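Have a look at the structure below, then the notes.
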Amino acid sequence: MEPVTVWWARREAAHPGLPALLDTVERARRDRYLRAEDRDRFTLGVAITRLALAPLLGVAPEQVPLTRACADCGDPHGPPRVPGGPHLSVSHSGDRVAVAISPHGPLGVDVEQATARMADVSGHLLAPDESAADERALLAYWTRKEALLKATGDGLRIPLTNLHVTPPEMAPRLLTWKNRPDLPPRFTMRSLDAGPAYTACLALLDHPDAPIEERPAAPLLTTTAPR
């Protein structure tokens, strides 16, 4: 069975050759970011997505048919996707960028850097029977639930408190989803290795036997580096 692949990059991997891979919509979105670090993270996410999908689809990276059309309004501000697949999910935080690609079912990936701000979100994050002793525990809950909501396409339109997941000291698993009893048995979840000071999780829908591989994106990115 083909693997689900999670490609990892650090912000330092961004280089001047990458913006050439972006289409008109992506360049306009990139230009709206005021901070260089935000532009780099966005550019890396798009570039890795295109470079990883190109050989799977048999096209040049610039020709990968990515769309960001919002499911609600049609405007190009939604998460990236390829009509007809493969499925993909992108996340970035701090100097980490993750791009997850699945030839199987929908998936979601989320990576978060440890910051003091997490204490402020506990009331919006934890279900009544969930508790977190510290910031790292909060990050575990956050990334697990974000990955699940990305996989279903609901995003933050669904309260995080509607989801009940295993505690941080246990392997990630969806226990209950308010008003959606069909979902827990359909999800496979995996904690990912994002490095020190980061927490990351992958959620895959309907394919429990699919292998999951984590790979560095550097070999992809060097193919477009200026000579």
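Of note:
- Note on segment 172-206: residues that are over 19 Å from Ala98 (Cβ atoms) and either in contact with a Gly (Cβ under 7 Å, 6 or more places away or on another chain) or not in a helix (DSSP H, G or I) (or both) amount to 12.
- Search result, residues across segment 209-227 that are small (Gly, Ala, Ser) and crowded, with 19+ Cβ neighbours inside 10 Å: Ala217
- Whichever residue in segment 178-208 is more than 20 Å from the chain's Cα centre (by Cα) and either closer than 18 Å to Arg10 by Cα or touching a residue at least 12 places away in the same chain (Cβ under 8 Å) (or both) and, among such residues, is surrounded by the most Cβ atoms within 10 Å (Cβ to Cβ): Lys178
- Evaluating Leu88 against the criteria (1) surrounded by 20 or more Cβ atoms within 10 Å (Cβ to Cβ); (2) touching a residue at least 40 places away in the same chain (Cβ under 8 Å) leaves one unmet condition, (2).
- Yes/no for Leu125 being touching a helix residue (DSSP H, G or I) at 6+ places or on another chain (Cβ under 8 Å), modelled with pLDDT of 95 or more and surrounded by fewer than 21 Cβ atoms within 10 Å (Cβ to Cβ): no
- Here Ala14, Ala47 are screened, and the one residue that is over 18 Å from Pro86 (Cα atoms), in contact with a Ser or Thr (Cβ under 8 Å, 6 or more places away or on another chain) and aliphatic (A, V, I, L, M) is Ala14.
- A single member of Asp129, Asp120 is free of Cβ contacts under 8 Å to residues at least 12 places away in the same chain, of a type outside the set (Phe, Trp, Tyr), outside any strand (DSSP E or B) and farther than 30 Å from Leu51 by Cβ, and it is Asp120.
Conditions tested, residue by residue: (1) touching a strand residue (DSSP E or B) at 6+ places or on another chain (Cβ under 8 Å); (2) not polar (S, T, N, Q).
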position: Leu138; (1), (2): no, yes
position: Thr143; (1), (2): yes, no
position: Ala147; (1), (2): yes, yes
position: Arg157; (1), (2): no, yes
position: His164; (1), (2): yes, yes
position: Met170; (1), (2): no, yes
position: Leu183; (1), (2): yes, yes
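Yes/no matrix, rows are residues, columns are (1) closer than 19 Å to Leu44 by Cβ; (2) in the same structural domain as Thr49 (by TED's automatic domain parsing); (3) within 18 Å of the chain's Cα centre (by Cα):
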{"residue": "Asp95", "(1), (2), (3)": "yes, no, yes"}
{"residue": "Val99", "(1), (2), (3)": "yes, no, yes"}
{"residue": "Asp110", "(1), (2), (3)": "yes, no, yes"}
{"residue": "Val121", "(1), (2), (3)": "no, no, no"}
{"residue": "Ala127", "(1), (2), (3)": "no, no, no"}
{"residue": "Ser131", "(1), (2), (3)": "no, no, no"}
{"residue": "Glu135", "(1), (2), (3)": "no, no, no"}
{"residue": "Leu139", "(1), (2), (3)": "no, no, yes"}
{"residue": "Arg144", "(1), (2), (3)": "no, no, yes"}
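- Ala69 falls short of the stated requirement of being crowded, with 21+ Cβ neighbours inside 10 Å, of a type in the set (A, V, I, L, M) and over 24 Å from Thr188 (Cβ atoms).
The values are calculated or read from the model by the stated rules, or taken from the named source; none is laboratory data. For clarity, every value in this text was computed on a predicted model and none was experimentally measured. When we count neighbours, we look across all protein chains shown, and the Cβ atoms used for this are built from the backbone with ideal geometry, even at glycine.
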